[in-house]
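Report on the structure given below.
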Amino acid sequence: MSFRKIASMLILCAVGFSVLAGCGRRNAPITPYEAALQERREAQEAGEALPPEPAPPKEDRRFLLDPLID
C-alpha cells in the first residue's frame, strides 16, 4: 500500500470515529413544557413577575422508527 492510501484511510477512520462520537447524548433532553415550568419556578423564587403558565403537552404519538432508539 502506498503512503497516500494509508493516509487517506487514517483520515477517513478519524472522521468516522469523530462522527460516531458526536452521536450520543448525555441525558434526556428537556421539553419546552419542562423548560417553561423551570423558568416559572425560578421567577417565583427570585420574586419577579411570573410568565404565563404553560399548557401541558399533548400525549406523545409513537413513530414507526421509535423502537430503534428505545
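What are the residues in region 20-70 that are at pLDDT 85 or above, small (G, A, S) and not in a loop (DSSP other than H, G, I, E, B), if any? Selection gives A35, A36, A43, A46. Check whether at least one residue in region 9-23 is in contact (Cβ under 8 Å) with a residue 12 or more places away in the chain and surrounded by 10 or more Cβ atoms within 10 Å (Cβ to Cβ), and report yes or no. No.
The values are calculated or read from the model by the stated rules, or taken from the named source; none is laboratory data. Keep in mind the model is a prediction, meaning the values are calculated, not measured. Reconstructed Cβ throughout: ideal geometry from the backbone, glycine too, with neighbour counts over all protein chains shown.
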